[in-house]
Structure formats: structure tokens, C-alpha cells
Amino acid sequence: MLKVYGSKLCPDCQEMEKAFKAEKIEYEYYDITSDLRNLKAFLALRDSNEKFAKAKEKGLIGIPVVSAEEGVWTFHWQDFLSKPVAESSCSDGVCGMPR
């Protein structure tokens, strides 16, 4: 099952949730703005994973971030969809990372 770190406050995360729901994609969602344990786990991941380097350089949060297998993370949640979607509202990297 997919594991997702995100925030209900993030437009990109909202778009991801809507698209995953439409395609009935199951995932575990960890909201970093509603639970301190989720925030701490996300920050530990972000601080130890080189994939977040560009996000941190630009002052970005780096969400939503998705893992299909332990230790392999991606910002490109659209890759899990069977149908292509238009670029997300945060495709400029405001929430996550640009494509």
C-alpha cells in the first residue's frame, strides 16, 4: 500500500487525494499539520533523504511525497494514476517539487 505524507492545507495534496479517490487507489495518509508524530516522522525522513535536498534549498516543504515501497519516495504522485491529469496547482513547486 502507498504511504503518503501531506497536509490537508496543501492544494497539491488535496488534488492528489481527489485523484487517488477517483481511481480508488488505497494509501495511508500522514497529515503533517494535524499530528505532531506525523510531522516528526516526516522531518526525520526529509532530513535524512537526499531526494529532499532541492526542496530544502528552495525553502519548500516537499509534500505530497509518496512511497510505494520502503525507502523509495517520489514527489510525482501522478505517476500512480492510470489516467493522466493536468499539472497540479502547485506544479511550480510551492508545495512539492516541479515536474
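The values are calculated or read from the model by the stated rules, or taken from the named source; none is laboratory data. Predicted, not measured: the structure shown is a model, and the values here were computed from it. We work out accessible area using only protein heavy atoms, side chains counted, and drop any ligands, DNA or RNA first. Shrake-Rupley method; radii C 1.70, N 1.55, O 1.52, S 1.80 Å.
Points to keep in mind about this one:
- Cross-link pairs Lys40/Lys83; Lys21/Lys83; Lys3/Lys51; Lys24/Lys51; Lys3/Lys54; Lys18/Lys54 - those with Cα-Cα distance over 23 Å: Lys40/Lys83; Lys24/Lys51; Lys18/Lys54
- Per-residue ellipticity at 222 nm, computed for the chain from helices alone with -39500 (n - 2.57) per DSSP H run of at least four residues, works out to -9000 deg cm²/dmol.
- Apportionment of accessible area to carbon and sulfur, the chain, percent (1.4 Å): 53 percent
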